[in-house]
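The values are calculated or read from the model by the stated rules, or taken from the named source; none is laboratory data. These numbers were taken from a predicted model, which means no experiment stands behind them. Every residue, glycine among them, receives a Cβ derived from its backbone with ideal geometry; neighbour counts consider all protein chains shown. Ligands, DNA and RNA are stripped out before the accessible areas are found, and what is left, the full protein with its side chains, is counted by its heavy atoms. Shrake-Rupley method; radii C 1.70, N 1.55, O 1.52, S 1.80 Å.
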Amino acid sequence: MGYVRSTEVTINHEEDQPMYHHHMHVLLFMKSSYFTGTDNYISQAEWTGYWQRAMKLAYVPL
């Protein structure tokens, strides 16, 4: 149905040179039927796996 995405960059000043951490906050809007049954529902673990593979990450994103 839709989504809201916010991009955030945090800065760690404790290192010799500032380290920047770019990340996104995403809110997905779904029809209420998404939460009924198992045919449509995608768990957080599955979303995490999809994102990890899409971004080719060596770590498991949260």
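Tabulated results
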item	result
Whole-number accessible area per residue in Å² for the chain, which is evaluated in the context of all protein chains at 1.4 Å	95
Mean separation of Cα contacts under 8 Å, 6 or more apart, over the residue count of the chain: relative contact order %	25
Magnitude of the charge dipole, the chain, Cβ model with Lys/Arg +1 and Asp/Glu -1, debye to 20	380
Carbon/sulfur fraction of accessible area - the chain, other protein chains in place, 1.4 Å, %	56
Distance in nm between pseudo-label sites at Tyr50 and Val26 (7 Å out along the Cβ direction from Cα)	0.8
For the chain, with +1 on Lys and Arg beta carbons and -1 on Asp and Glu, the positive-most of Val26, Leu57, Thr7 along the dipole	Val26
